[in-house]
Amino acid sequence: MKRILTGLQPTGKLTLGNLIGGINQIKKYQNEFDSFIFVPDMHSITIEQNPIELRKNIISTIALYLACGIDKDKNTFYIQSENLYHANLSWILECNVGFGQLSRMTQFKDKSQKKINVTCGLFTYPVLMAADILLYSANFVPTGIDQKQHVELARDIAECFNKKYGNTFVVPEPIIPQLGAKIMDLQNPLIKMSKSAENEKGVIYLLDTEDVIRKKVKSAVTDSDNKVCYDSENKPGVSNLLTIYACLNNLCIIDAEKHFENYQYGAFKSEVAESIINTLKPIQEKYYEILNSNLIEEVLKNGYSKVLEISKEKYNEVKNKVGLGRIDFIV
Ligand code: AMP
């Protein structure tokens, strides 16, 4: 069975973009593939975090995965930092990737322009992401468009390593949803809806209350046309709301457009908001139930022993090929 791997950073609160571009993709593939789901908490500390908040968010992320319908029996759950092989492999890969290659990562360029304190971790984190993927021989990585360049880097690293040291890594492929690969900010539909947005009004969080969702959608930026149709260049706000509606209702854009043919923006926005509420309400109910149960501990315990075994084997293969330590010493 081919393997698929996904991670959602526990930085802040998960958003509707994470649900559509990340979690819903896993749900689609969990029956077809051996699915690994992890919390990349080491990625989160590339920017400053409050330790108490971070730990809360790690558990909350696992609870949300489960509440969104990621099946505990069909997926392997784990926390990145609890398995030391990620960082060890990342170091070896860092020594096999060019500085110039990392300098071209657009996310680093974007983030480093915003953040005052640019850490080395922020620069090298795409290599850690490559280690996350290559350690488990993942065939597929479902991702929004924002992470495509990083999966391509993982492919390049795998190919170069295989050429230099002999066949070692599976070369992963990104899976990008046709619709919903980039859900945009409601206040500025030219940028991605992001956990780290400065203005929370543009972001729907998975745990937002009904009233907050209605307010945020009502104040979403549109245009003066008052005609609901898809045109991402000239009508980015309306196109984004249409995309959200289509994704949440399993429709193609044309059918979503037809549905809203004779709608004015006010009624259109109300229906989009109700659709979001109907999607998130059952998730929120389950989320609080899961937080008060033993389910999280159970899935993490099972996942840990499985991933440790797989990653140990791969790391030792790599270490031996590179010439580190003694050949017969298993780390
Ligand atoms: P992150 O929040 O950066 O950890 O991303 C986790 C997953 O959610 C990745 O697959 C992202 O590509 C996806 N994702 C995050 N934000 C969005 C968005 N606004 N639209 C679509 N997918 C997203």
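The values are calculated or read from the model by the stated rules, or taken from the named source; none is laboratory data. Worth saying up front: this structure is predicted, and the values here are computed from it rather than measured. No Cβ is skipped: glycine too gets one built from the backbone with ideal geometry, and neighbour counts run over all protein chains shown. The protein model used for the area step is the full one, side chains on, heavy atoms only, and it has no ligands, DNA or RNA in it. Shrake-Rupley method; radii C 1.70, N 1.55, O 1.52, S 1.80 Å.
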Rounded to whole angstroms and listed largest first, the alpha-carbon spread of segment 118-226 along its three principal axes comes to 58, 33, 25
Approximate spin-label separation Ser270-Ile327, in nm, with each point projected 7 Å along Cα-to-Cβ: 7.6
Under a Cβ-only charge scheme (Lys and Arg +1, Asp and Glu -1), can you give me the dipole magnitude of the chain about the Cα centre, in debye to the nearest 20? 540
Tabulate in residue order the Karplus-calculated ³J(HN,Hα) for segment 61-72, using 6.51 cos²θ - 1.76 cosθ + 1.60 with θ = phi - 60°, rounded to whole Hz; enter x for Gly and Pro. 5, 4, 4, 5, 3, 5, 5, 7, x, 7, 6, 5
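Of the accessible area of the chain, with the probe set at 1.4 angstrom, what percent is carbon plus sulfur?
Details: 8260 of 16180 Å².
Taking all protein chains in place, the chain shows 51 percent carbon and sulfur surface.
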Kirkwood calc, the chain, C-alpha pairs only, radius in angstrom 21.0
Reported to the nearest 10 Å², Val331 has, with a 1.4 Å probe, an accessible area equal to 60
Looking only at the chain, where both bridge partners belong to it, what percent of the DSSP beta bridges are antiparallel (to the nearest 5)? 10
Where Thr168, Thr222 fall by accessible area, highest first, once all protein chains stay in place (1.4 Å): Thr222, Thr168
Tell me the accessible surface of Asp223 in square angstrom (1.4 angstrom probe, heavy atoms of protein chains only), to the nearest ten. 50
To the nearest 10 Å², what's Leu308's accessible area with a 1.4 Å probe? 50
Trypsin sites (Lys or Arg not before Pro) within segment 229-331, DSSP loop, no more than 11 other Cβ atoms inside 10 Å: Arg326
The orientation-averaged projected area of the Cα convex hull of segment 225-275, in nm², is 3.0
Going Cα to Cα from Lys114, which lysines come in below 23 Å? Please leave out same-chain ones fewer than 8 positions away. Lys13, Lys148, Lys182, Lys192, Lys195, Lys201
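For Lys2, Lys163, Lys235, write out the residues from largest to smallest accessible area, computed with a 1.4 angstrom probe and no ligands counted.
Values: Lys2 110, Lys163 180, Lys235 10 Å².
Ranked from most to least accessible, the order is Lys163, Lys2, Lys235.
Sort Ile254, Ile4 by heavy-atom solvent-accessible area, probe 1.4 angstrom, most to least.
Working: Ile254 105, Ile4 5 Å².
Output order, biggest surface exposure first: Ile254, Ile4.
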